[in-house]
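The values are calculated or read from the model by the stated rules, or taken from the named source; none is laboratory data. Because the structure is predicted, anything quoted here is derived from the model rather than measured. Here the Cβ positions follow ideal geometry from the backbone for every residue, glycine too, while neighbour counts run over all protein chains shown.
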Amino acid sequence: MGMMKLKCPRTLLLALAAFLPALGSAPVLAANTTPWAPTGPDGGDARRFAFSARDPNRIYLGTTDSWIYVSSDQGSSWSRLARLGTRDDLVVDGLVVDRSDPKTLYAAVWVMDHPDGGIYISHDQGHTWSEAADMHGQSVRALTQASSNPRVLIAGTLTGVYRSSDRGLHWQEISPPGGAEIHEVESIAIDPYDPEIIYAGTWHLPWKTNDGGAHWTNIRQGVIDDSDVFSMIVDPSRPSVMFLSACSGIYKSDNFGYEFRKVQGIPSTARRTRSLRMDPAERNTVYAGTTEGLYRTQDGGENWARTTGPDVIVNDVYIDPRNPKHVLLATDRSGVLASEDGAAAFQDSNTGFSQRQVAALLVDEKSSGTMYAGVINDKTWGGVFVSNDLGSTWKQQSDGLHGGDVFVLAQSDDGTLLAGSSDGIFRWDGNSWVHADALAGQPDPPEFPPPVKTIPRGKNRRAAHPVPVAARAEAPAQLRGRITALASSGSTWFAATSQGIFRSTDRGTSWTPALTTDAAKAFTGAGDYLTIAADGNRVFIGRREGIAASEDNGATWQSLTFPAGLTVLAALALTPDGTLWAGGREGVFYSQDHGSTWSALRRLPVVAVNSLTWDASLSRLIVTCNVGTVIYSVDPHDQSWTWWNTGWTVHSVASLNGRLAAASLYSGVVLQPAAETTARTGEAVQDARR
């Protein structure tokens, strides 16, 4: 489902013009600010390698979120080099170092679920980039440079095949414009001796031209009909020999692609081969990076053997031209894997590479300097990570989670860790995570009156009366499903789940439904329960368009007035002065009478709020949003505010030994620079309007 774009009021845009990017744009830092440093957890999605034969120690790596990394030690460690374009969702699937000028790099990018992208060029070893105007908006899936003429570059896009004869400055389409056959080009190969001979692999079979694109031939002989062609390689010493990978398997040709035969030895479940690479010293050795591990042949494709586990999704393979025993894999979830024995064994090589989607961040209240990160989409490579040294190093702590996504982390007053996952609630027992999903008997039926809707001034208002609700909810067999929020009030815990709201009075040992079926029906607002705020006996729960409250620790509930002017709720928070805060699409709202009436915090220039966090060390409410890189701290007493520009879109902010840490959308945990612990005042943003 696409993301709805939000439009900010004109005054808000003016106030933040110097600090917030346009929606969908890259971060724009204010003067004299430094982006917060990504600290891990290491790993995540890696897409494409590139290097120069003149300096194989320097390896470039493309990602799925517009970033280019670089290694100066053969892939042992990595650092962020540059971000491409003005958005954070560019998939870098083409990366080339110019054969004649190693300072020049080319990057081909596309956007997931949207026909957009382009080609970017750098002339300073990747530090700065400019876009090739002719390819603006093209979804570029493949890019390669001719070995015999480095001025020639060929790109494959969703619309066709494009060629540049001046090192990427200008481009023209060389496949039939608007043609019914050559489009959705996923792979490109060029004859090593003749740049006019070009191979194009599409989502429906391979094609070839011998005259630079003037005429094209469908080279489908021996290939199963309608095969998607993911990768193609031509033997640089014997151009008659080539391999291609397709959804139907791997094929080899010995006659320039005019006839193929299917190679054996790779099971059908692993046939989505994203990368083929040939050993630079031994041409009969070919690596096939598949969605179920790395395969290798040492006899020209006659026999293949898998050298990794089947859970490794390989996107690209790097083979050191000076030492072919040194092999790197760019993978989904597990980042970079390295081998020093010709791919017989691999180990992580992710120092400095952090591309995790951190959904939850928790600072340990019992151990100074310790924080936990919960990640999503990484299966057995993800789960929970812990750092005991302010984020310098991380250790995976996921035994027992069975590859589930972790959306929420919480800690009880006795130090017990809880994780809300895609498969229920887990408790850390010191050695592994164990299910904390036992269901006890049903609670007494609570009273839950219908909600009070906000009526515009001048209209008649009708009082709401409590309506007793007697029907009990039917308890599910187990407390499973996605957990969206966890909150504690003393020894009582509340959990928002895809099955409803649950309560535990024994520190998470057992749970009962907190709402009866009829009470839940009386609670307005579509969608699952999203957020919980608790303090003493007061508990508030929220969903997309509704808020309910309990003044007796969850025994009875009452639906509250929804803030006027707020259309979508994302977060709730309580501050020690008793104020209830709500954040969502239109900004921040507050209530000083337990949710009976609401006011908008109009002085704060923020929309699309994604989190509200009370920070006891700062005595401030921390506000983050989805459409900018600025975070705000609000004094609940006088509603004054200060701000920091993190350089990232973040959420789940927490204090860590005097510095702030935050969970970013794609780049792991980011840590505030030690020199910028003092926030900027709200007046600085106001000055931007002038």
Suppose we keep only residues that are in a loop (DSSP other than H, G, I, E, B) and at pLDDT below 95 within segment 405-424. Which one would you say is nearest to residue 42 (Cα to Cα)? 422
I need the full set of residues from segment 346-367 which are in a loop (DSSP other than H, G, I, E, B) and under 30 Å from residue 415 (Cα atoms), in order please. 356, 364, 365, 366, 367
Residue 38 fails exactly one of the following numbered conditions: (1) modelled with pLDDT of 95 or more; (2) in a strand (DSSP E or B); (3) farther than 22 Å from residue 154 by Cα; (4) not polar (S, T, N, Q). What is the number of that condition? (1)
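Does any residue of segment 395-404 turn out to be of a type in the set (D, E, K, R) and modelled with pLDDT under 95?
There is no residue in segment 395-404 that is of a type in the set (D, E, K, R) and modelled with pLDDT under 95.
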Filter segment 586-603 down to the residues that are on the phi < 0 side of the Ramachandran plot and either of a type in the set (Lys, Arg) or part of a loop (DSSP other than H, G, I, E, B) (or both) and list them by number. 586, 592, 593, 596, 597, 598, 601, 602, 603
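Among the strands (runs of 3 or more DSSP E) confined wholly to segment 41-104, which include 2 or more residues that are over 29 Å from residue 374 (Cβ atoms) and touching a Phe, Trp or Tyr at 6+ places or on another chain (Cβ under 7 Å)?
Per the criteria, 48-52, 55-62, 90-97.
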Here is a list of conditions, (1) more than 30 Å from residue 403 (Cβ to Cβ); (2) modelled with pLDDT under 90, and residue 507 meets all of them except one; can you say which number that is? (1)
Residues (closer than 19 Å to residue 586 by Cβ, polar (S, T, N, Q) and either more than 20 Å from the chain's Cα centre (by Cα) or surrounded by 23 or more Cβ atoms within 10 Å (Cβ to Cβ) (or both)) located in segment 619-648: 624, 639
Specify which of the listed residues (335, 301, 374) is at pLDDT below 95 and either on the phi > 0 side of the Ramachandran plot or under 26 Å from the mean Cα position of the chain (by Cα) (or both). 301
Is there a residue in segment 594-602 that is of a type in the set (Lys, Arg) and either buried (at least 18 other Cβ atoms within 10 Å of the Cβ) or in contact with a Pro (Cβ under 7 Å, 6 or more places away or on another chain) (or both)? no
Return only the number of the condition from (1) surrounded by 15 or more Cβ atoms within 10 Å (Cβ to Cβ); (2) of a type outside the set (Gly, Ala, Ser); (3) within 20 Å of residue 202 (Cβ to Cβ) that residue 278 does not satisfy. (3)
Which of the residues belonging to segment 123-140 are part of a strand (DSSP E or B) and surrounded by fewer than 22 Cβ atoms within 10 Å (Cβ to Cβ)? 130, 131
Within segment 224-245, is even one residue surrounded by 15 or more Cβ atoms within 10 Å (Cβ to Cβ), touching a Leu at 6+ places or on another chain (Cβ under 9 Å) and acidic (Asp, Glu)? yes
Of residues in segment 101-114 being modelled with pLDDT of 95 or more and more than 19 Å from residue 171 (Cα to Cα), the one surrounded by the most Cβ atoms within 10 Å (Cβ to Cβ): 111
Have a look at 633, 617, 611 and point out the one that is in contact with a His (Cβ under 9 Å, 6 or more places away or on another chain) and under 23 Å from residue 408 (Cα atoms). 611
List the pairs whose first member sits in segment 388-417 and is surrounded by fewer than 21 Cβ atoms within 10 Å (Cβ to Cβ), whose second member is of a type in the set (Phe, Trp, Tyr) and in a loop (DSSP other than H, G, I, E, B), and whose Cβ atoms are under 7 Å apart, counting only residues at least 6 apart or on separate chains? none
Of the conditions (1) in a loop (DSSP other than H, G, I, E, B); (2) surrounded by 19 or more Cβ atoms within 10 Å (Cβ to Cβ), residue 117 satisfies every one except a single condition; which number is it? (1)
Within the set of pairs 6+ apart or on separate chains, which have a first residue in segment 551-569 that is on the phi > 0 side of the Ramachandran plot, a second that is aromatic (Phe, Trp, Tyr) and modelled with pLDDT of 90 or more, and C-beta atoms under 8 Å apart? 554/494; 565/589
How do the pairs read when you match residues in segment 195-219 that are farther than 19 Å from residue 254 by Cα with residues anywhere that are at pLDDT below 95 and surrounded by fewer than 17 Cβ atoms within 10 Å (Cβ to Cβ), using Cβ under 6 Å and keeping only pairs 6 or more apart or on different chains? 204/226
Could you tell me which of the residues 117, 85 is small (Gly, Ala, Ser), touching a helix residue (DSSP H, G or I) at 6+ places or on another chain (Cβ under 9 Å) and within 27 Å of residue 166 (Cα to Cα)? 117
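May I ask you to say which residue of 75, 43 is over 18 Å from the mean Cα position of the chain (by Cα) and farther than 28 Å from residue 159 by Cα?
Going through 75, 43 in turn, just one is over 18 Å from the mean Cα position of the chain (by Cα) and farther than 28 Å from residue 159 by Cα: 75.
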When residue 548 is run through (1) more than 26 Å from the chain's Cα centre (by Cα); (2) free of Cβ contacts under 8 Å to residues at least 60 places away in the same chain; (3) not in a loop (DSSP other than H, G, I, E, B), the failure sits at (2)
So which residues in segment 143-162 are buried (at least 23 other Cβ atoms within 10 Å of the Cβ) and either among the hydrophobic types (A, V, I, L, M, F, W, C) or within 26 Å of the chain's Cα centre (by Cα) (or both), if there are any at all? 143, 153, 154, 155, 156, 157, 161
